[in-house]
Amino acid sequence: MHKYQKECDDFLISQKVLPVCTFTEKDKAVELARSLVQKGVLVMEIAYRNENLYSDIDDCIREVKKQVPQIRVGAATVTNPKIALRAKKSGADFLVSPGFNPKTVRWAKLRKMPFYPGVVTPSEIEVARQYGFSLLKFFPAEASGGAVMLKNLASPFPEVRFIVSGGINEQNEEAYRALSNVSVISGTYLSK
């Protein structure tokens, strides 16, 4: 693991939450970033979800980094090296993916770009460990067994911590927070 990955891991764990922004309007993204900073949250994800709007999402990342420099911005839904490159060029501090794509993982590692690939199964976790990851995204959390699944993964993978995302809300958040292997809660509901 390179030092940038470790430093980013530690920072995300210290924040405990990772709000996801799905806005494609840079003014709204900046407004959300300012609101988060006022609440003491110094991190957010901006999601690449609509290919037709990728340039608008690039602008959101750039504008947030320019106008709210104290916040760290992750680019979410980074499913291939092409998206990873545009996110890096736009100023993203780290990358998050819903799945584990070895090409994207290698791209990020070669560039020493902190990266959080998504996993669900023990086999995916084992592959991620071989690549040196210890903080992984568990997505989609609720649809993949939720807190019960994560509790069962704690024993065979005591060194792995998770960013949980997908179906998390105010009603089930505490069940996840109670788990020793959950370090960060992520979701769009945290951006409201």
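Scanning the range 34-59 for residues that are touching a Cys at 6+ places or on another chain (Cβ under 8 Å) and either within 15 Å of Gly91 (Cβ to Cβ) or open to solvent by 70 Å² or more (accessible area, probe 1.4 Å) (or both) yields Met44, Glu45, Ile46. Residue check: is Val119 at pLDDT 95 or above, β-branched (Val, Ile, Thr) and over 23 Å from Asn50 (Cβ atoms)? Considered against the rule, which asks whether it is at pLDDT 95 or above, β-branched (Val, Ile, Thr) and over 23 Å from Asn50 (Cβ atoms), Val119 comes out as yes.
For the range 127-175, filtered to residues that are among the polar types (S, T, N, Q) and within 20 Å of Thr79 (Cα to Cα), the residue that is most open to solvent (accessible area, probe 1.4 Å) is Gln130.
Candidates in the range 107-126 are the residues that are open to solvent by 50 Å² or more (accessible area, probe 1.4 Å) and touching a helix residue (DSSP H, G or I) at 6+ places or on another chain (Cβ under 8 Å); of these, the one that is nearest to Lys151 (Cα to Cα) is Pro122.
Would a scan of the range 109-121 turn up a residue that is over 14 Å from Ala76 (Cβ atoms), in contact with a His (Cβ under 9 Å, 6 or more places away or on another chain) and among the basic types (Lys, Arg)? Checked against the condition, which is being over 14 Å from Ala76 (Cβ atoms), in contact with a His (Cβ under 9 Å, 6 or more places away or on another chain) and among the basic types (Lys, Arg), the range 109-121 yields at least one hit.
In the range 32-43, the residues that are closer than 16 Å to Lys65 by Cβ reach residues that are of a type in the set (Phe, Trp, Tyr) and at pLDDT below 95 with C-beta atoms within less than 8 angstrom, at least six apart or across chains, in these pairs: Leu32/Phe23. In this structure, is Arg62 open to solvent by 10 Å² or more (accessible area, probe 1.4 Å) and within 13 Å of Asp93 (Cα to Cα)? When the stated conditions are applied, Arg62 passes them. Residue count for the range 28-70 under the criterion of being within 16 Å of Val96 (Cα to Cα) and not small (Gly, Ala, Ser): the result is 11.
Scan the range 127-160 for residues that are assigned to a loop (DSSP other than H, G, I, E, B) and of a type in the set (Lys, Arg) and the total you get is 0. At pLDDT below 95, open to solvent by 20 Å² or more (accessible area, probe 1.4 Å), of a type in the set (A, V, I, L, M) and within 29 Å of Met113 (Cα to Cα): does that describe Leu179? Answer is no for this residue.
The values are calculated or read from the model by the stated rules, or taken from the named source; none is laboratory data. Everything quoted here is computed from the prediction, not taken from an experiment. In this analysis, Cβ positions are derived from the backbone assuming ideal geometry, glycine residues included, and neighbour counts consider all displayed protein chains. We work out accessible area using only protein heavy atoms, side chains counted, and drop any ligands, DNA or RNA first. Shrake-Rupley method; radii C 1.70, N 1.55, O 1.52, S 1.80 Å.
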